[in-house]
Every structure is written in structure tokens, then in C-alpha cells.
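In what follows, a single structure is set out as C-alpha cells and then discussed.
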Amino acid sequence: MFEMFEMFEEQFLNPSNNISKIVNPLFEPKKSLSSIVSDSPGLYVPLRQPIKGAMAETNFVDYVKIMCRSGHGGAGSKHFRREKFAAKGGPDGGDGGRGGHIILRGNSQMWTLLHLKYRKHIFAEWGESGGASRSHGKDGEDIILDVPLGTVAKDAETGVVLFEITEHDQTNILVKGGRGGLGNVNFKSATHQTPRYAQPGEDEEEGWKILELKILADVGLVGFPNAGKSTLLSVVSAAKPEIADYPFTTLVPNLGIVGYRDNQSFVMADIPGIIEGAHEGRGLGLRFLRHIERNSILLFMIPADSKNHRKELDILLNELDMFNPELLDKQRFVAITKSDMLDKELIQEISHEFKDIPHTFISSVSGYGIVTLKDEIWKLLNS
Ligand SMILES: Nc1nc2c(ncn2[C@@H]2O[C@H](COP(=O)(O)OP(=O)(O)OP(=O)(O)O)[C@@H](O)[C@H]2O)c(=O)[nH]1
Ligand SMILES: [Mg+2]
């Protein structure tokens with residue numbers, strides 16, 4: 001199966017012109033891309049990303065919209081006690097049970113909302129009605145949804161943020177179950193000894209909710225594709241992101257825990273590369289930028305072999321601004337990556353371009369400047 005996809009990619013995807021054809025690869029495996037183009041112009045659609053990536057992307061889900069309905073409260077009972085020697089035993093109807101809540105619970109072992117992607121409708125159980133002899137109806141069972149830390153719950157209609165899950169085992173009610181109604185025993189009084197009524201159960205809550213994941217990390221890596229973001233993460237942490245010499249190798253965010261002196265650590269997030277015009281949807285667009293909204297530091301990665309280092313930084317800042325201007329208020333630091341390609345003279349030249357912004361030179365390959373970079377990040381995190 002995998003080989004088939006590889007063959008498909010080889011045959012039909014050409015990274016240089018980024019086009020693909022809507023054909024079944026099984027039936028035309030030997031044709032070259034250029035012959036297909038000349039055979040049937042007009043049958044082509046631009047392919048946004050390689051097939052491998054499209055498949056990988058489905059495993060990382062950071063946005064789901066779900067219809068939630070809590071349980072209706074159980075009705076109170078209007079029962080009167082009737083026994084052989086207690087013909088007029090008085091009211092003894094018990095209360096109804098509470099309807100089930102739908103609850104979100106933080107789970108530090110999870111990092112995607114994939115498990116909720118195909119669960120579009122979530123309905124909790126109703127509370128049971130109260131019964132005779134003051135018996136309390138059973139509460140509806142709550143539904144507990146485990147979610148990764150950094151999950152933001154919103155009301156889909158109003159867009160209002162309801163709450164955020166930031167800690168392991170933290171629980172918040174997404175939709176509240178209806179209260180159970182009071183049984184008639186509660187309405188008995190000296191002047192009113194035979195209350196023939198009881199409260200109905202409270203209505204359930206229903207609505208579309210949005211769950212959005214914003215990864216929690218201390219440092220976010222921001223850069224063009226191929227800047228060396230994933231390579232840095234792989235060098236400073238135990239994370240094993242895919243690294244390759246082509247753009248958009250990383251299609252979903254990667255997280256790594258960076259060990260620092262004295263058993264301390266901080267979390268680094270490597271997000272897919274950004275290109276000029278990303279705010280108009282170019283490349284992978286800006287949707288992954290939501291994952292750096294929570295970071296306290298943004299580490300801009302500018303590769304040594306960039307044609308114009310300073311301009312590259314300005315483009316990145318502009319794209320961030322288009323997504324959320326508040327991102328520009330974050331602490332920033334620049335790392336000139338792949339510095340093993342530079343000599344002293346070039347280092348001085350580039351350093352001059354960045355004289356107004358804190359920066360350092362690193363090479364993930366030779367290890368040059370990595371300790372200094374960690375020191376600088378640590379200082380910023382604790383400033
Ligand atoms: N010479 C040199 N090459 C490097 C260094 N760091 C990364 N590279 C190379 O640069 C290429 C891109 O590296 P990645 O880490 O995949 O880049 P990225 O920024 O994660 O790229 P995307 O995931 O596509 O956004 C790879 O071929 C790396 O081997 C470095 O310090 N020196
Ligand atoms: Mg990468």
C-alpha cells in the first residue's frame with residue numbers, strides 16, 4: 001500500500017510546479033507527468049501539499065465542532081403513601097435525579113483532539129424520576145471527555161470563550177445537566193398537607209461547541225520552511241521530528257522538552273514553516289500560528305543561506321501581525337541557523353543587520369552556539 005503511494009507521488013507530484021492530476025494511479029502508472037499535462041490540459045488542480053503530509057495531518061486535530069446535549073433532569077414524584085394501616089399516609093414522592101453533565105478533563109498524555117473528530121453528537125443521559133417512599137431518582141451519567149492541555153472551549157454561536165483546560169485532571173462542565181425536580185414531599189406544610197404536585201426536571205442544555213487546541217509551550221520556533229527548526233528541536237530535546245531538505249517537511253506542530261542546567265527544563269514547539277503571503281492562504285497558511293499564541297518567547301529562525309536575512313524576519317513579523325497583532329508583543333529572539341556555512345566576516349555583516357534585536361548564531365549540525373541559545377532563552381523566560 002505504502003509503495004503504491006510512493007509510486008503515485010513519484011509519478012504524479014512534481015514539487016517544482018506543484019500540480020497533480022485527478023486520475024486513478026493504478027490505471028496509469030507508467031505515464032510521466034509531462035505527458036499527462038500535454039494529453040489533457042485543464043484536468044489539473046493545484047495540490048496544496050504532498051500526499052504523505054495530507055495523511056499525516058489527519059492525525060493531528062486541533063479544532064473540532066461538536067453538538068452537545070446534557071441530560072434533562074428527572075421529574076419529582078407526586079406519590080402519596082398508601083399502606084394497610086396508613087390509608088392517608090401523606091405525600092412521599094421523592095426528587096428526580098440530575099441530568100448528566102458533559103465535562104472536559106485535562107489529560108497531559110494527550111496532544112490532539114483526533115478522538116473527538118468523528119464524535120459529532122454527544123448526548124448525556126437523563127436523570128430518572130423520583131419515586132415512592134421518598135426515593136431519589138438516579139442521576140444521569142456524566143460524560144467525561146479527556147482533552148489535551150491547552151484546549152479552549154468556545155460557544156460556536158457566540159464565539160465566547162467558556163474556559164480553558166491547562167492542567168492535568170482539571171475538569172470543567174461544558175454543558176450542565178438539568179436539575180432534578182423536587183418531589184411532593186417537599187411541598188408539605190401545616191396548612192397544605194396533600195400537595196398534589198411536584199416539580200418537573202429542569203431542561204437540558206444543548207448547543208454546538210468548539211474545542212480548539214493551542215499547544216502550551218514556552219518557546220515557539222518561527223521561520224520559513226527549511227530554516228532548520230525541526231533540526232534544532234531534535235538537537236536540544238528528545239523529540240524526533242522529520243527533517244529533510246525540502247520545504248514543508250513539518251506539517252503538524254512538534255513539541256520537545258529541552259533540558260537545562262540543574263534538572264530544569266522548558267518546552268519548545270516547532271510549528272510548520274510560514275511563507276510570504278501565508279495570511280492569504282499560501283503554503284500551509286497561518287492556522288498553525290494559534291499554537292504560538294500561548295508561548296512566552298518566539299524564536300525566529302533565519303537560515304545563514306537566506307538571500308536577505310533582515311527581510312526574511314520582517315516578512316515573518318508581518319505574517320504574524322496579520323494573524324494576531326498581539327503576537328508582536330511577545331518577547332522575541334533571533335537565531336541565525338546553519339552558521340556552519342558562515343565565516344567570521346559574514347557573521348559580522350549579518351550581526352550588523354540585526355543590531356537592534358537580540359540575536360545569536362547557531363549550528364544544529366556542529367553544535368555551535370546551542371548552549372548560548374539555551375542560556376539566552378532561559379534568561380528571557382525568567383526575566
Ligand atoms: N548545514 C546545516 N544544515 C542544517 C542545519 N540545520 C538544519 N540543516 C538542514 O536544513 C534542512 C532543513 O532542516 P529542517 O530542520 O527540516 O527545517 P525546518 O525549518 O524544520 O523545515 P520545515 O519543516 O519544512 O518548515 C535539512 O536538510 C537539514 O539537514 C545546520 O545547522 N547546518
Ligand atoms: Mg520541520
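Tabulated data
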{"quantity": "Modelled FRET efficiency - R0 30 Å, Asp356 with Arg261, Cβ distances, 0.05 increments", "calculated": "0.50"}
{"quantity": "Cα-based Rg of the stretch 63-213 normalised by 2.2 N^0.38 Å, two decimals", "calculated": "1.35"}
{"quantity": "Nonlocal amide H pairs with Tyr260, under 5 Å, H built at 1.01 Å", "calculated": "Ser265, Phe266"}
{"quantity": "Long-range lysine pairs (8 or more apart or interchain), the stretch 63-213, Cα under 20 Å", "calculated": "18"}
{"quantity": "Nonlocal Lys pairs with alpha-carbon distance under 15 Å, the stretch 219-381 (8 or more apart, or different chains)", "calculated": "6"}
{"quantity": "Ser306, Ser383, Ser230 arranged by Cβ crowding within 10 Å, fewest neighbours leading", "calculated": "Ser383, Ser306, Ser230"}
{"quantity": "Built amide H within the under 5 Å cut-off of Ile274, gap 5+", "calculated": "Gly223, Phe224"}
{"quantity": "Footprinting exposure proxy for Tyr197, Tyr118, Tyr260 (fewest neighbouring C-beta atoms within 10 Å first)", "calculated": "Tyr118, Tyr197, Tyr260"}
{"quantity": "Cβ-defined net charge surrounding Ser351, 14 Å radius [Lys, Arg +1; Asp, Glu -1]", "calculated": "-2"}
{"quantity": "Least to most buried among Thr112, Thr250, Thr158 (fewest other Cβ within 10 Å first)", "calculated": "Thr158, Thr112, Thr250"}
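The numbers here are math on the coordinates, done by the rules we state, and not lab data. Here the structure is a predicted model, which is why all the values come from computation and not from measurement. Using ideal geometry, Cβ is built from the backbone for each residue, glycine included, and neighbour counts are taken over all protein chains shown.
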